[in-house]
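Input: a single structure, listed below in structure tokens.
The values are calculated or read from the model by the stated rules, or taken from the named source; none is laboratory data. Predicted model only: the values in this text are computed from it and were never measured. So basically every Cβ, Gly included, is an ideal-geometry build from the backbone, and we count neighbours across all protein chains shown.
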């Protein structure tokens, strides 16, 4: 009877033991699966590459460079050969003889972000280019135009025309990316088009030399020619634009940098909507607080941005002063000058924001209406007209009139204003008949001499819900008024 009674008990123990073993095995396998999923490493990247590659393009930018013969004979005055050599020099001038012009090409990468042909790349890939051509994976070649660019983040937006919708990729949220995550780079390294490399994110939040830097460091192989190409996460979203490498020999040593999509997406949106960037401007000069300063100011930490100067601008109008320490901007904590610069730049122009500062041991809150950084930059450049760059306003490429330009186009001395050097196709300016070479003398009843004047009047019109502004234009000896319809 005991044996009969023990038998079922023995079986139950065996079953219990087997159940425990099975449960333990399941737990181990489950943990292994979780570990693999956390790492995110697929058995192959092939499916992802096949899906993404059609939207990645090779970019060839061509610059026409003058190559003048090194021949400048010293002709005595009154020599019978004077006219002969003048004719020779005229034919040698690259402007008069295309044979003396040579083409220089630069290779880079880019990626299509919309079916209607917007392409993102690095500004240095297409800078100073006279012609830009993109090549798709299927061999299709398309001419590209620069739609807008931003030197501060080295981002450019191109536009191509295609009879059919183009394959494209989307931006992802780089803020979710972590060191150790797998990433994929596709591009045109050293002219070897549509090459793929994989690696991990080595670090986040790297800064090289720019005020708005937010680089993702990766060990995925990036070489010359990868510039402007996309860095993908494992969901196939673009989380970075490959921009630079750190290398003693010019080749990849596993330290590459991609500008974070957190920065790129905002820049691209502005370039797409306005043809230019529109960054907020606070109007202060600042510095970080080190341990010595913190001790001298009797501060408990080095967080914040110390104001060193408040020139004419939004901050001065709001009452901010030199010596104030900015602790919060629009509800966001400021831990360094770099943080403040990025927060301000990302803020909408014209927005009224609260700025929390520490002044003489007391906390104050000041309301500041932000200006536009680019307008300040243009205004500063106008004092040096030879170095001034044109800007785009409402589809018109505008610049001030220098003495050199006035002589070149034989403009009467009494005519002053802004010269239109280019009109964007399909813009309201083109629709209204404004032409390249026109001189904008007035907007409304106000004369304009710098682009900031026109920008201010247009912004004022929009703030007052006006749909157009009246321009007085000088063209080939005559003047006429044009009602320019404004973009919404």
Here the residues within the range 237-271 that are surrounded by fewer than 16 Cβ atoms within 10 Å (Cβ to Cβ) and either touching a helix residue (DSSP H, G or I) at 6+ places or on another chain (Cβ under 6 Å) or part of a helix (DSSP H, G or I) (or both) are 269
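Only one of these is at pLDDT 85 or above and farther than 28 Å from residue 350 by Cα: 419, 423, 439. Name it. Walk me through it before giving the result.
Numbers: 419 fails: farther than 28 Å from residue 350 by Cα; 423 fails: farther than 28 Å from residue 350 by Cα.
It is 439.
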Identify, by number, the condition in (1) in a loop (DSSP other than H, G, I, E, B); (2) outside the structural domain of residue 60 (by TED's automatic domain parsing); (3) crowded, with 20+ Cβ neighbours inside 10 Å that residue 129 doesn't meet.
(2)
Starting from the range 454-481, keep only residues that are at pLDDT 80 or above, then list their pairs with residues that are part of a helix (DSSP H, G or I) and surrounded by 14 or more Cβ atoms within 10 Å (Cβ to Cβ) whose Cβ atoms are within a distance under 7 Å, requiring at least 6 positions of separation or different chains.
455/375; 469/457; 469/458; 469/461
Residue hits (the range 302-336; without any contact (Cβ under 8 Å) to a residue 24 or more places away in the chain and farther than 18 Å from residue 364 by Cα) are 302
If you take the residues in the range 396-411 that are over 20 Å from residue 434 (Cβ atoms) and part of a loop (DSSP other than H, G, I, E, B), which one is farthest from the chain's Cα centre (by Cα)?
410
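Does residue 208 satisfy the criteria of being surrounded by fewer than 22 Cβ atoms within 10 Å (Cβ to Cβ) and part of a helix (DSSP H, G or I)? Walk me through how you get there before you give the answer.
Values: surrounded by fewer than 22 Cβ atoms within 10 Å (Cβ to Cβ): yes; part of a helix (DSSP H, G or I): no.
No.
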If you take the residues of the range 442-466 that are assigned to a loop (DSSP other than H, G, I, E, B) and touching a helix residue (DSSP H, G or I) at 6+ places or on another chain (Cβ under 8 Å), which of them is surrounded by the fewest Cβ atoms within 10 Å (Cβ to Cβ)?
444
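Look at residue 106 and say whether it is in a loop (DSSP other than H, G, I, E, B), at pLDDT below 90, outside the structural domain of residue 395 (by TED's automatic domain parsing) and closer than 28 Å to residue 265 by Cα.
Numbers: in a loop (DSSP other than H, G, I, E, B): no; at pLDDT below 90: yes; outside the structural domain of residue 395 (by TED's automatic domain parsing): yes; closer than 28 Å to residue 265 by Cα: yes.
Here the answer is no, as residue 106 does not meet what is asked.
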